[in-house]
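Nothing in this text is a laboratory measurement; each read-out follows from the coordinates by a stated rule. All values derive from a computational prediction rather than experimental measurement. Quick reminder, even Gly has a Cβ in these numbers, built from the backbone with ideal geometry, and neighbours come from all protein chains shown.
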Amino acid sequence: MRAVRQKDTAPEVIVRRLLFRLGLRFRLHVKRLPGSPDIVLRRHSTAIFVHGCYWHRHPGCKHATTPKTNRDYWLPKFKANVERDARQAEALRALGWRVLIVWECETRDPVTLEVRLRQEFDLLPDP
Ligand SMILES: [Zn+2]
């Protein structure tokens, strides 16, 4: 849902700080690429989207609730969001990019998120 797509959200900033601390360098909001990824690590051919669990429907997440009313309105909107995300990821992969999704709820547990990001980028854990 374009209208709610914001730049520089708190979860995004958490991910950026973490990547920076891990020594990774990146560009932000690269409009030339499909979906205008939030964070692009060219050296690693990796595009990262920091997704809100609600709008992007994090599977199995307690934050991906569905409104009890106006379902006819919301369900197609959610479906369109998920389909758009999938299309954009596919387009990026077709261009040779690896696509990572970081969910907003993951940014609430920075220790676990750091472990994940170290694994994604083959970085050794802190001694
Ligand atoms: Zn979530």
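Observations on the structure shown:
- Considering only the Cα atoms of the range 11-76, their convex hull presents on average a projected area of 6.0 nm².
- Note on the range 33-127: antiparallel DSSP beta bridges, both residues inside, total approximately 35 percent of the bridges counted.
- The order of PHE20, PHE121, PHE26, going from fewest to most other C-beta atoms within 10 Å of their C-beta, is PHE20, PHE121, PHE26.
- Fewest-first ordering of PHE49, PHE78 by other beta carbons within 10 Å of each residue's beta carbon gives PHE78, PHE49.
- As a proxy for reagent exposure, THR112, THR9, THR46 were ordered by neighbouring Cβ count within 10 angstrom, fewest first; the result is THR112, THR9, THR46.
- Per principal axis, descending, Cα span of the chain in whole Å: 51, 31, 22
- Cα-derived Rg to Rh of the range 79-120, Kirkwood definition: 1.08
- Over the chain, relative contact order from alpha-carbon pairs under 8 Å, at least 6 apart, %: 26
- Highest-fluctuation residue, GLU83, GLU114, GLU106 considered, GNM on the chain with Cα pairs under 10 Å: GLU83
- Helix-only mean residue ellipticity at 222 nm for the chain, each DSSP H run of n ≥ 4 adding -39500 (n - 2.57), per residue, nearest 500: -12000 deg cm²/dmol
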